[in-house]
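I have placed the structure first, in the form of structure tokens, so that the comments after it can refer back to it.
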Amino acid sequence: MKALVLTKYNQFELLDVPLPDIQPDEVLVRVKAAGICGSDVHGMDGSTGRRIPPLIMGHEASGVIEEIGQGVSGWVPGDRVTFDSTIYRLDDWYSRKGKYNLSDNRMVMGVSCAEFKRDGAFAEFVAIPQHILYKLPERVSFEHAAMVEPVAVALHALSLTRIDLNDTAVVGGSGMIALFVIQLLKLAGCSRIITFDLDQDRLDLALKMGATHAFLAESVDIAQEVRKLTQGRGADIGFEVVGNTPVLKTVIASVRKGAQVTLVGNVSAEVALPLQQVVTRQLTLQGSCAICGEYEPALSLISRGLIVMDPLISAVAPLEEGAGWFHRLRQREKGLMKVILKP
Ligand SMILES: [Zn+2]
């Protein structure tokens with residue numbers, strides 16, 4: 001089969017590689033669409049240590065089942081599917097507690113690191129364990145299905161946050177996940193959704209997707225603007241969807257006393273925490289990791305047209321052009337959001 005292989009750091013080759021072997025509990029999926037994730041772009045130069053070449057990347061994808069393993073039940077060739085980006089064990093202590101996103105030794109599709117290597121979906125075929133498969137609703141296209149993962153990540157963050165009807169929310173950052181958080185907050189009944197970012201294009205998108213206010217960071221005092229909108233109190237809930245000190249501090253300064261701040265972004269390993277503000281204003285900080293049961297509701301919301309996706313798709317391109325798109329994304333070309341590759 002044809003595959004886009006990271007053969008060396010920053011170097012891709014379209015190669016003919018053997019079909020993946022499927023285990024008894026796995027299916028072979030013919031890939032129809034696979035999205036390039038920010039983590040792939042960050043990882044391709046070796047800086048994260050999680051894309052050790054040679055590797056076929058790709059963990060946000062959809063396709064059609066081609067073949068099933070001997071032990072597979074409930075799935076047949078021809079089924080349109082998407083799949084979790086991580087492979088977790090079913091017999092893990094956390095999985096048994098219903099928290100499979102926290103289970104030990106999870107493998108991520110399309111990642112290779114010191115602990116494991118698992119080829120991903122930038123190829124004609126990919127092997128997938130049946131317990132991470134999800135059937136696509138009829139009205140969900142393969143391209144949209146390749147973006148279910150970031151929607152589900154956003155939905156997980158909301159599911160960990162206490163939200164009341166008419167709440168005011170502040171969202172730090174307007175990247176892909178944040179834009180889905182904003183859309184979901186609107187669905188959840190928030191009256192004001194305030195976001196800030198350094199990129200005006202993204203703020204414009206955020207306004208189209210349900211943000212009621214979008215501020216260019218560093219041009220205004222955001223916490224003060226939020227207070228003006230909330231009788232001086234601050235927002236009821238906050239989301240940090242970048243993962244750096246300035247954004248975290250701004251979100252913390254923008255919420256009211258007793259608020260919850262949910263932390264999704266993690267580009268930095270460590271940030272400075274305004275401890276006294278958190279303690280004396282009795283804030284709750286909630287980390288949110290990946291996805292735990294949100295694929296099905298995310299697919300349902302997409303199939304009912306409740307999540308806007310098309311403005312976030314910058315290009316749908318053949319796998320052959322993948323290397324070029326990776327480099328354009330790496331150069332942070334203005335306006336580029338999601339690129340979807342089709343084998
Ligand atoms: Zn991803």
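The values are calculated or read from the model by the stated rules, or taken from the named source; none is laboratory data. Since this is a predicted model, take the numbers as computed values, not measurements. Glycine gets a Cβ as well: all are built from the backbone with ideal geometry, and neighbour counts include every protein chain shown. These accessible areas exclude ligands, DNA and RNA; they are computed on the full protein's heavy atoms, side chains included. Shrake-Rupley method; radii C 1.70, N 1.55, O 1.52, S 1.80 Å.
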Strictly greater than 27 Å: what percent of every Cα pair in the stretch 1-159 meets that?
21
For residue 286, enumerate residues with amide H under 5 Å from its amide H, sequence gap 5+ or separate chain, H modeled in the peptide plane.
261, 262, 263
Could you tell me the largest-minus-smallest coordinate of the C-alpha atoms of the chain on each of the three principal axes, in descending order and whole angstroms?
62, 42, 39
Which sequence of 264, 220 reflects their accessible areas, 1.4 Å probe, from the largest down?
220, 264
Obtain the nm distance between the two label points defined at residue 14 and residue 275 by a simple spin-label model: each point lies 7 Å from its Cα along the Cα-to-C-beta direction.
5.5
Highest-first arrangement of 227-233, 168-174, where packing means the average Cβ count within 10 Å:
168-174, 227-233
Over 22 Å between alpha carbons, listed pairs 97/135; 99/257; 135/342; 186/208:
97/135; 99/257
Roll a 1.4 Å probe over the protein chains and send me the accessible area per residue for the stretch 130-260 in Å².
39
Calculate the spin-label point distance for residue 2 paired with residue 320, positioning each point 7 Å from the Cα along the beta-carbon direction, and give it in nanometres.
0.6
Per-residue HN-Hα couplings for the stretch 52-58, Karplus 6.51 cos²θ - 1.76 cosθ + 1.60 at θ = phi - 60°, whole Hz, x for Gly and Pro?
6, x, x, 8, 9, 7, x
State the answer as a single residue: which of 31, 109, 93 lies farthest towards the positive end of the charge dipole of the chain, with beta carbon charges of +1 for Lys and Arg and -1 for Asp and Glu, about the Cα centre.
93
Whole percent per 5 Å bin, from 0 to the bin with the longest distance: what is P(r) over all C-alpha pairs of the stretch 172-313?
2, 10, 19, 23, 21, 14, 8, 3, 0
Treat the stretch 227-270 as a sphere of radius equal to its Kirkwood radius over Cα pairs and apply Stokes-Einstein at 37 °C in a medium of 0.692 mPa s; give the translational diffusion coefficient in µm²/s, rounded to a whole number.
307
Per-residue ³J(HN,Hα) for the stretch 220-232, Karplus 6.51 cos²θ - 1.76 cosθ + 1.60, θ = phi - 60°, Hz, x for Gly and Pro
9, 7, 5, 4, 5, 4, 5, 4, 4, 7, 10, 6, x
Extension gain residue 268-residue 336, at 0.36 nm per residue separation less the Cα-Cα distance, in nm?
22.3 nm
Test of understanding: what is the full-extension gain from residue 164 to residue 225, defined as 0.36 nm times their sequence separation minus their Cα-Cα distance?
19.8 nm
